[in-house]
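> After the structure tokens below, expect a handful of questions from me.
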Amino acid sequence: MTEEKGKTEQKTDIKSMDYGELDSVIQSLGQKSFRARQIYQWLHKNLVTDFEEMTNLSKEFRTQLESRFCIRSARAVQRQISSDGTAKFLMELNDGNRVESVLMKYHHGNSVCISTQAGCRMGCRFCASTVGGLIRSLTPSEMLDQIYEIQRTTGERVSHVILMGIGEPLDNFDNVVKFIRMLSDEHGLHISQRNITLSTCGLVEKIDALAKERLTITLAVSLHAPDDGLRREMMPVAQRYSIGQIMDACRRYLEQTGRRITFEYSMVDGKNDSPRQAQKLAELLRGMNCHVNLIPLNAVEGRMGRRSSRDRVEKFKLTLEKNLIDVTIRRELGRDIDAACGQLRNKNKGGKLHESICEN
Ligand code: SAH
């Protein structure tokens, strides 16, 4: 049977197979188990994009693999570099859908923010990613490839990964959990689960399901309001789950995993940024092992709100601190290239490869 090169649809996505799955497939082809280890390492450690590069396999076996499997799931087709060094990548998937990923450089290492879906159906009123609704969820390999492409094209080693790009990670639960396990697998990039943060708008049943997975990742919950009325105005998902239900799920998560929870709070001018609201938030979180991340809103054209002034943000922070709540104001990276929180969009199909550098 011959298959055209590049016609990847009928071929199996080899990079979405975890180590165990790959092992059984390779054995079913009549090969020894150590071949699976070699292939897994080529794919997930050496980040090759072609079976031809797997030089410790016979030519015949490489041809056999090539006829059955495809390697690439995402390609970086555009890169924009911010004045602060942050780089935003436009990633094209095999079906032409496009998502965005961001590389941020910190003292503690390089962090990549990945998308988990093309589009999003959560509808948060201030966020750009949800404007066209959900197109589809990404496969494990499409999430892995965002990191692999960045590592390959920049030569930078990625040490931290955050699931805060386009999409709601817990709305793509199985693929996301598999992705996390593969990313932290010792045969692959072996990124510590402690260096992985998953951000959710607060899908209660899925938070419970995640706790059962016994991962050691950090869970970040997008709260954004201290009361249900306001939260419903900002986030349609708040119609489904009350803050009380989310807090209970967070407590269960903490109890089961021992991992401190982060609460994200995007600050919208005159909406959720008063000292009284800070006090209310403090009362909500009192006694809980958690951390609050204040994100001054990145205003998106056509979406809700303006950003709170620095002064309002500082006062809000102070009120939380007086209540002994651990709080930071998120450092803003990549704002000039629309790579900051809530600014990532799903891009239409088409377009050609080019690089643009933004330096204002
Ligand atoms: N769906 C996930 C992850 C995506 S966004 C979630 O809701 O958590 C990551 C964070 O950026 C979330 O806290 C999100 O609410 C926030 N965010 C979205 N749009 C924003 C904007 N315009 N300005 C600041 N933060 C924003």
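The values are calculated or read from the model by the stated rules, or taken from the named source; none is laboratory data. Since we're looking at a predicted model, the values are computed, not measured. Counting neighbours? That spans all protein chains shown, and the Cβs are built from the backbone with ideal geometry, glycine included.
> If we scan the range 130-139, do we find a residue that is part of a loop (DSSP other than H, G, I, E, B), touching a residue at least 12 places away in the same chain (Cβ under 8 Å) and of a type in the set (Ser, Thr, Tyr)? Can you show your working first?
Of all residues in the range 130-139, those part of a loop (DSSP other than H, G, I, E, B) come to 130-133, 138-139.
Narrowing further to those that are touching a residue at least 12 places away in the same chain (Cβ under 8 Å): 131-133, 138-139.
Cutting the leftovers down to of a type in the set (Ser, Thr, Tyr) gives us 139.
Yes; the residues of the range 130-139 include at least one that is part of a loop (DSSP other than H, G, I, E, B), touching a residue at least 12 places away in the same chain (Cβ under 8 Å) and of a type in the set (Ser, Thr, Tyr).
> Just give me the residues in the range 284-300 being over 22 Å from LEU198 (Cα atoms) and within 23 Å of the chain's Cα centre (by Cα), in sequence order. Break it down stepwise before answering.
Here is the first cut: in the range 284-300, the residues over 22 Å from LEU198 (Cα atoms) are 286-287, 299-300.
Passing the criteria: ALA299, VAL300.
> Can we say LEU320 is part of a helix (DSSP H, G or I), more than 30 Å from GLY85 (Cα to Cα) and more than 22 Å from the chain's Cα centre (by Cα)? Show your work before the answer.
Details: part of a helix (DSSP H, G or I): yes; more than 30 Å from GLY85 (Cα to Cα): yes; more than 22 Å from the chain's Cα centre (by Cα): yes.
Answer is yes for this residue.
> Hey, another quick one. When VAL112 is evaluated against the numbered criteria (1) in a loop (DSSP other than H, G, I, E, B); (2) without any contact (Cβ under 8 Å) to a residue 60 or more places away in the chain, which criterion, by number, is the only one it fails?
Exception for VAL112: condition (1).
> Among (1) in contact (Cβ under 8 Å) with a residue 40 or more places away in the chain; (2) part of a helix (DSSP H, G or I), which single condition is GLY244 missing?
(1)
> Here are some residues: ARG125, ARG136. Which one is surrounded by fewer than 22 Cβ atoms within 10 Å (Cβ to Cβ), within 10 Å of the ligand (Cβ to nearest atom) and of a type outside the set (Asp, Glu)? Steps first, please.
Numbers: ARG136 fails: within 10 Å of the ligand (Cβ to nearest atom).
The match here is ARG125.
Okay, residues lined up against (1) basic (Lys, Arg); (2) more than 13 Å from GLU100 (Cβ to Cβ); (3) within 15 Å of the ligand (Cβ to nearest atom):
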site	(1), (2), (3)
SER129	no, no, yes
LEU144	no, yes, no
ASP171	no, yes, yes
ASP174	no, yes, no
ARG181	yes, yes, no
SER184	no, yes, no
LEU189	no, yes, no
LEU210	no, yes, yes
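> If you check ILE166, ILE162, which single one turns out to be within 16 Å of the ligand (Cβ to nearest atom), β-branched (Val, Ile, Thr), in contact with a Cys (Cβ under 9 Å, 6 or more places away or on another chain) and over 17 Å from THR262 (Cβ atoms)? Before the answer, list the steps.
Values: ILE162 fails: over 17 Å from THR262 (Cβ atoms).
ILE166 is the lone residue from the list that is within 16 Å of the ligand (Cβ to nearest atom), β-branched (Val, Ile, Thr), in contact with a Cys (Cβ under 9 Å, 6 or more places away or on another chain) and over 17 Å from THR262 (Cβ atoms).
> For the structure I just gave you, tell me whether GLN277 is surrounded by 16 or more Cβ atoms within 10 Å (Cβ to Cβ) and assigned by TED's automatic domain parsing to the domain that holds ALA209.
yes
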